[in-house]
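Quick notes on the structure that follows.
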Amino acid sequence: MKKRRGAPESIKTSRFPISIFFVFLGTLLLVSGMHTGLILLGNEEEWSTFVQVMVPIVYWSLVAVGLTLFTRREIRRNYEEPLLKLREATEKVANGDFSVYVPPLHIPGQLDYLDAMILDFNKMVEELGSIETLKTDFVSNVSHEIKTPLAVIHNNAALLDRPGLSDDQRREYTENIRHATKRLSNLVVNMLKLNRLEKQVIHPVPTPYDLSAQLCSCALQFEDLWDKKDIEFEADIEDRAMIQADEGLLELVWTNLLSNAIKFTPAGGTVTVTQTSTPEHITVCVADTGCGMAERTKKRIFEKFYQGDSSHATEGNGLGLALAQRILQLSEGTITVKSAPGQGSAFTVTLPRSLHREEDQ
């Protein structure tokens, strides 16, 4: 029997215990011996023909009733009752109750196929409950992220209708609308990208290119921002680091990490990009001296729409890191984070120099 992920080491493929076999065998041998004894007793006592015929019939009728009741009891205890409980549980799940749990019939090490089915059912219900929670959170977060820029657009459009506005005021309200529109557009674009990546509609197209040059190019895109915030930018990057990967997808990863580092680093802070390589892998670390994250936040930052700042005061929609993680998964890479409140954050990305699946083709 093929072992399932998370399954016990061995699963019994029969619910007919050997003890039942010996019970039936011993019972039948015993009643057969008693039948022989009754016949001998009838001959010795010279019972009438009618009595000698009726006694075995009554005797075997009682034996048949007893064995039937015992068999019925075992079938009900071992099959009907567990399946009825499972049926009640499935009905609750069908009605939307994902808190259902069906206990297995045996302890670990003695599980059979019905226990395995129950454990799979419990796992399925747990996953369905998680999906339902994620769906609820998704709807709530999407609603919030869409509602905020729409409210900005509506309010500033209403302000533009007011008479006697100066040119500066009109420019300010127009810029607010433009900014909110851009934020809404970015949200939709990121949602579509993430959805296509998760459904694997987008497949990485690896080509050889210089990752070091790409990191420098991405960093220069934020030069105005770090100058504006008076942030010191440090880079320790190799002169050349060739990699076979999807250049366009990885650019999204670097721009997201750099954008977050600059966004959460206060004036006078430092953002550092470090890149090292081995013959098999390339490692990139983007570190900052910003506010850092608590352990609870660190565990959830790769969830869609999750933002450590629950007030949503900082600009963003909580999709960037989820998008980056999915791109790295498709690129056979990994991303980890080290952070502590007040001590900044460091995101480390490790990538193979070439995709294994490409080498296997």
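Of note:
- Rounded to the nearest 20 debye, dipole of the stretch 179-292 from Cβ charges on Lys, Arg, Asp, Glu: 760
- Nitroxide proxy distance, nm - points 7 Å out along Cα→Cβ at ARG171 and THR207: 4.1
- Gain upon complete extension [TRP60, HIS106; 0.36 nm per residue less C-alpha separation]: 13.0 nm
- Pairs exceeding 26 Å between alpha-carbon atoms, taken from LYS92/LYS299; LYS147/LYS338; LYS263/LYS298; LYS229/LYS338: LYS92/LYS299; LYS147/LYS338.
- For the pair LEU28 and PHE302, label points projected 7 Å from Cα toward Cβ lie 6.0 nm apart.
- Estimated from the Cβ-Cβ distance and a Förster radius of 41 angstrom, the FRET efficiency linking GLN52 and ILE75 is about 0.70.
- Inter-probe distance in nm under a simple model that places probes 7 Å from Cα toward Cβ, at THR278 and HIS179: 4.6
- For the stretch 61-111, applying the loop criterion from DSSP together with a ceiling of 12 other beta carbons within 10 Å to the chymotrypsin sites (Phe, Trp or Tyr not before Pro) yields TYR101.
A short reminder: the numbers here are calculations on the coordinates, not readings from a lab. Predicted, not measured: the structure shown is a model, and the values here were computed from it. Cβ coordinates were reconstructed from backbone atoms using ideal geometry, including for glycine residues, and neighbour counts include every protein chain displayed.
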